[in-house]
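Below: one structure, written as structure tokens.
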Amino acid sequence: MSDVESPAYVSGHGLLTGRTAVITAAAGAGIGGATARRFLEEGARVVISDAHARRLKESEEALAAEFGAANVASLPCDVTDEQQVEALFALAGELHDGLDIVVNNAGLGGTCALVDMTDEQWSRVLDVTLNGTFRCTRAALRRFRDQSGGGVVVNNASVVGWRAQAGQAHYAAAKAGVMALTRCAAVEAAEYGVRVNAVSPSLAMHPHLVKVTTPELLEELTGREAFGRYAQPWEVANVMVFLSSGYSSYMTGEVVSVSSQHA
């Protein structure tokens, strides 16, 4: 893997002060966890969720110890379960009297040649990655519409929604769907002042990725990047902060590449 040095961590500037955000798949050291931390550093309150209850509780406790218990809450949520999605969004509303930002980070990958892929493998990846984003986006838009105060949705897509990668047909199809969902939702939500955008990262390194990806593939993907290194999860989270802040007030329906691999 790359030994190119990553840039210095960027400190918070209060870009999300006083705002409440729901962030899915936010337990652990990946993009979701990095986004929760960056949002807190920018002054937001966060309601984090994840399908892994133990890791979620550990993440909540660690963030609460650093940023204050009043600013961090959590609820386990499997985004394939509509009742759990509704419970998550209801909690955010109850705790903070409204919702401002939703980050749809939940997704499921896997590597399998299309010729060997089962219906279950295909359906599971699409249900978590695309249908889960749909369920959470729908829940967010309903609340934003009813509270009449605007809002922001940021979806996590992927460069494989643009380009081909062997063994990733299910994941690529799901992420391309997330991109299309983002654009359509943005057009529909504009009438009530809501912005919907997406980020499209490539390789953001974290411990779980190392466990499920071969060193050879990690080396290949790193070598494709213009900077010759993988992204740090917080570098992707920084773009989510931008899309959630007032600095992107005229952006909607966009998919922002956080990678040099647009195509």
Rounded, prolate or oblate: which one fits the stretch 109-261, using the alpha carbon gyration tensor with axes a ≥ b ≥ c (rounded when a/c is under 1.5, else prolate when a/b beats b/c, else oblate)? oblate
Under a Gaussian network model of the chain whose springs join Cα atoms within less than 10 Å, the largest fluctuation of Ser202, Ser245, Ser11 belongs to Ser11
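Keeping all protein chains in place and using 1.4 angstrom, which order do Thr17, Thr252, Thr80 fall into by accessible surface area, from largest down?
Details: Thr17 95, Thr252 55, Thr80 35 Å².
Ranked from most to least accessible, the order is Thr17, Thr252, Thr80.
Mind giving me the FRET efficiency for His262 and Ala8? R0 is 35 Å, r the Cβ-Cβ distance, nearest 0.05 is fine.
Working: r = 26 Å, r/R0 = 0.74.
Working from the Cβ atoms, E equals 0.85.
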Would you work out what percent of the accessible area of the chain, with all protein chains in place, is carbon or sulfur (probe 1.4 Å)? 54 percent
Determine the dipole magnitude for the chain: charges of +1 sit on the beta-carbon of Lys and Arg, -1 on that of Asp and Glu, nothing else is charged, the reference point is the Cα centre, and the result goes in debye to the nearest 20. 380 debye
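Given a Förster distance of 30 Å, report the FRET efficiency between Thr80 and Val187 from their Cβ-Cβ distance, rounded to the nearest 0.05.
Values: r = 26 Å, r/R0 = 0.87.
After rounding to 0.05, the efficiency reads 0.70.
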Averaged per residue, the 1.4 Å probe accessible area of the chain, protein heavy atoms only, in Å², is roughly 45 Å²
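Hey, what did the stretch 68-149 get for relative contact order, percent, Cα under 8 Å, at least 6 apart?
Computed value for the stretch 68-149: 38 percent relative contact order.
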Pick from Phe39, Phe242, Phe89 the residue whose mean-square fluctuation is largest in a GNM of the chain, springs joining Cα atoms under 10 Å. Phe242
When the chain is treated as a GNM, springs tying every alpha-carbon pair under 10 Å, which of His52, His13, His170 comes out with the largest mean-square fluctuation? His13
If you rank Phe144, Phe134 by how much accessible surface each has, with a 1.4 Å probe, what is the order from largest down? Phe134, Phe144
Return a whole-number percent for the relative contact order of the chain, with Cα pairs under 8 Å and 6 or more residues apart as the contact set. 22 percent
If DNA, RNA and ligands are ignored and the probe is 1.4 Å, what is the ranking of Met240, Met117 by accessible area, most exposed first? Met117, Met240
Report, to the nearest 10°, how far helix 31-41 tilts away from the longest principal axis of the Cα atoms in the chain, using its own Cα long axis and a range of 0 to 90°. 40 degrees
Please give me the summed charge of the neighbours of Tyr9: other residues whose Cβ is under 11 Å from its Cβ, Lys and Arg +1, Asp and Glu -1. 0
Consider all pairwise Cα distances in the stretch 7-59 and report the whole-number % of them above 15 Å. 44 percent
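The values are calculated or read from the model by the stated rules, or taken from the named source; none is laboratory data. Given the structure is predicted, the values throughout are model-derived calculations rather than measurements. Neighbour counts are summed over all protein chains in view; Cβ atoms, including those assigned to glycine, are modelled from backbone coordinates with ideal geometry. These area figures cover heavy atoms from the full protein model, side chains too; ligands, DNA and RNA do not enter into them. Shrake-Rupley method; radii C 1.70, N 1.55, O 1.52, S 1.80 Å.
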